[in-house]
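All remarks here apply to the structure that follows.
The values are calculated or read from the model by the stated rules, or taken from the named source; none is laboratory data. Keep in mind it's a predicted model, so treat the numbers as computed, not measured. Every residue, glycine among them, receives a Cβ derived from its backbone with ideal geometry; neighbour counts consider all protein chains shown. We work out accessible area using only protein heavy atoms, side chains counted, and drop any ligands, DNA or RNA first. Shrake-Rupley method; radii C 1.70, N 1.55, O 1.52, S 1.80 Å.
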Amino acid sequence: MQKIRIPIRNSLSYRQMRNAVVVAFTIGLVLSTAQIYLDYFSQRNEIRGSVQHVINAAESGAYHAAFNLDETGASQITRGLVSNQLIVAATIKDNLGQVLGAAKEEEVRDTSVASRWLFGEEQTIEVQLFNPSQFSEPVGQLSATVDPSLDAETFVRRSTVVFLSGILRNFVLAICLIAVFYFTFTRPILQASLPIQQGITDKTIPVPSNHNDDEIGVLFNAFNDHLKIIEDQHDQIVDTNTNLENLVAKRTRQLDEKNVELERERTSALQASQAKSDFLAMMSHEIRTPMNGILGMAELLDKSEVSTKQGEYVEAILDSGKSLLTLMNSVLDYSKYDQGGVVFENIDFDVYRLVNGITFLLTASAEKNRTLLTADVDSTVPQFLVGDQEKLRQVLLNLITNAIKFTVDGEVTLSVQPVSAVDIADARSTRLRFEVRDTGIGIPEQVQETIFEAFSQAESSTARRYGGTGMGLAICREIISKQGGDIGVKSTEGQGACFWFELDFALAQQASDTPEPVELTPSHTGQQCRVLVVDDVAINRKLVEGQLASLGHVTVLAGDGREALERLESQQVDLVLMDLHMPVMDGLEASRRIRQLADPDKSRVPIVGITANLAEEGERACIDSGMDFVITKPVNFQKLQDAVQRAVQAQVTSQVSANEPSEAQYVDHNVKAQHQAALGLEQVASLYDEAVSALRSKVVALTTTEDFCADTVENNAHALAGLCSNFGLPALGACASEIETASIAGEVDNVRVGIARIGQLAESTIAELERAS
């Protein structure tokens, strides 16, 4: 059993003495303070009464002096008042305010700040001198200046005596109390606790004989009873500890066995998850390859001569195939983010250019829904940032496309602003908040928490009416969250929605423009190109051959990289379409070999990579191997046309500037090149096709106007001028602006002249666009 020791310095006597002294001093301080407090008010009242008594005694004499205008008597009375310790000055005046007598204490006595604080500043007491039995009006005035602080010294001495005597009295009382407590309680307890201090804990404590029947005896007896209980409990604790140690050892062995089993299950789950990811990646490549053939052949069939009914069947095949491809891409993208298989890049980019490009890209889609799409980038947002531009573009395109899809006859606004103020000169990073607001159908409150879940949409009717897989927002959440950002939504059903996300970006060290897309130079001057198609799958080669033939180009076929090198040695080509996965020699190695050829014309031939899954190789690896850019399967007519367009674009631009200088006014090829740099050839080609359709519509609306209507002409001309400005059509835009200006001024003749010219300008502009494409 553990020994109990009670040190003498912590015994009850010392604690009692300390506590008694503290209590005694506290009581003495409180009582003395209270006595001084009462004495203070008594002293103040005594001063006030004494001064008032002196003034009352002098009032009669002062009256007679004022009544008789006795200056000698008035002087004697004032000197008598000043002789009082508290009165420092006195004055007697007649009823006209003339001084009859005045006196002032000659010796100036200093008073302390404490005295002034206790008794106050000097006070002047004024008494009107009159006798109602003689006159109703006063005959003069008696004034006395009293300084109560002059009597403070007496109060301080008396207070000090009271305070010190109170403390001494209570200290003596504390000593007496300590002595009584010590001999009555402390000493017997100390004597009885000596065995415990000596470590003797197996014997009971002897009770002092003179304390058998008092509280100390009861305390010692209770303590002795508890000693027995403690011994019994100690034995029980020892037994219990032994049992617990045995039980813990047994449970530990069981937990070790379970941990081993859990680790095996965890490893198995990770392997299964990795197998799923590998399976999806493999299926991505394997499914895209036949999908490439299905969609490509369907496009060829659609361009051939088929009946109306067959055309509907082909269109259904194309729509279903594209929907299947979109669904597969969404699921695969989400799987890559979910498994952590995506690496985020950190490259310099222009955020203003990115936002403008996305707005330009989606404006046509918004106009189809009669929706106004605008962008607002705060002026404090740094222009050049470091981050993953393509992932940011993917999120913004997804959010804005959704907003446009669910908004008809409304507005969609993209805004970018810093979360906090940024000093570009000092800061190294910034956190930006992107918001996409729309005035569409909104999102019910009960589903806003699950809207970012995979395969989740607001309601089942939403998928039936608007389509979609429900994967877009889930992918957006994965992209933002894996970069340490936050994403959310605020919406009221029927009043639109606001999707927002916040993301951190580093500031670019130097402001540099996004590189322009590579321009490929053909080997001959005609529009027809000679294209080397390299693919190990025969059906893919046949498909691309048919697509290129329908576009008016000649094809050379090769089944692998080595065969492609042999074709290049014997033939001159303008463009190489290179598949990445091939036996014998893959596309990456073949591209490196082509760039090492001795013939400079052949080593510089444009190479376009083709793959079913770009994520497997990485675009950087393709560019490093010598490829100019990469396109993904399925390869449709538009992608092929864009690839060939890049090969002939430089020559077309040169011909326009050298051989046909007058046509440069129709199309500003620099504007088109900027759009291609920001959006890519495929998206720009689609946008320019829609722009041509809109251009024709506006020109027809202007040229078919029978009666001159200023508002109609002005609106159509303004819309056409804005369209030409966005797409770089200066001549046609200038003519439209002239028509708009003339319409506003009411110059009908000039309006008609402009309308007569605009049709021919439009045809020349469209012809130039077609030649350049």
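Observations, loosely collected:
- Matching residues, region 560-576, being crowded, with 18+ Cβ neighbours inside 10 Å and part of a loop (DSSP other than H, G, I, E, B): D560, V573, D574
- Residues being open to solvent by less than 80 Å² (accessible area, probe 1.4 Å) and either at pLDDT below 70 or farther than 21 Å from S50 by Cβ (or both) - total across region 85-98: 3
- Looking only at region 532-559, and only at residues there that are among the small types (G, A, S) and under 18 Å from E589 (Cα atoms), the one that is surrounded by the fewest Cβ atoms within 10 Å (Cβ to Cβ): G559
- The residues of region 342-376 that are of a type in the set (D, E), more than 17 Å from L432 (Cβ to Cβ) and either touching a residue at least 60 places away in the same chain (Cβ under 8 Å) or assigned to a helix (DSSP H, G or I) (or both) amount to a single one, E367.
- Screening the candidates V544, V531 for the property of being in a strand (DSSP E or B) and under 24 Å from D302 (Cα atoms) yields one hit, V531.
- Subset tally (residues that are modelled with pLDDT of 55 or more and surrounded by fewer than 18 Cβ atoms within 10 Å (Cβ to Cβ)) for region 511-529: 2
- Failed item in (1) modelled with pLDDT of 75 or more; (2) farther than 20 Å from L543 by Cβ; (3) part of a helix (DSSP H, G or I), with I317 passing the rest: (2)
- Just one residue in the set T439, T430 is touching a Phe, Trp or Tyr at 6+ places or on another chain (Cβ under 9 Å) and at pLDDT 85 or above; that residue is T430.
- Total residues in region 82-102, condition assigned to a loop (DSSP other than H, G, I, E, B) and not hydrophobic (A, V, I, L, M, F, W, C): 6
- For region 61-72, the candidate set comprises residues that are of a type in the set (A, V, I, L, M, F, W, C) and open to solvent by 40 Å² or more (accessible area, probe 1.4 Å); within that set, the residue that is modelled with the lowest pLDDT is F67.
- Looking at S75, S32, just one residue is open to solvent by 20 Å² or more (accessible area, probe 1.4 Å) and of a type outside the set (K, R), and that residue is S75.
- Sub-6 Å Cβ pairs linking a first residue in region 392-411 that is in a helix (DSSP H, G or I) to a second residue that is open to solvent by 40 Å² or more (accessible area, probe 1.4 Å) and among the small types (G, A, S), at least 6 apart or interchain, are I404/S365, ordered by first then second residue.
- Only helices (runs of 4 or more DSSP H) whose full extent lies in region 577-687 are considered here, and the ones with at least 3 residues that are modelled with pLDDT of 70 or more, under 24 Å from G559 (Cβ atoms) and open to solvent by 60 Å² or more (accessible area, probe 1.4 Å) are 587-595.
- Evaluation of E105 against (1) modelled with pLDDT under 80; (2) open to solvent by 40 Å² or more (accessible area, probe 1.4 Å); (3) over 13 Å from V146 (Cα atoms); (4) in contact with a helix residue (DSSP H, G or I) (Cβ under 9 Å, 6 or more places away or on another chain) (one fails), failing number: (3)
- Evaluating I347 against the criteria (1) hydrophobic (A, V, I, L, M, F, W, C); (2) modelled with pLDDT under 85; (3) open to solvent by 50 Å² or more (accessible area, probe 1.4 Å) leaves one unmet condition, (2).
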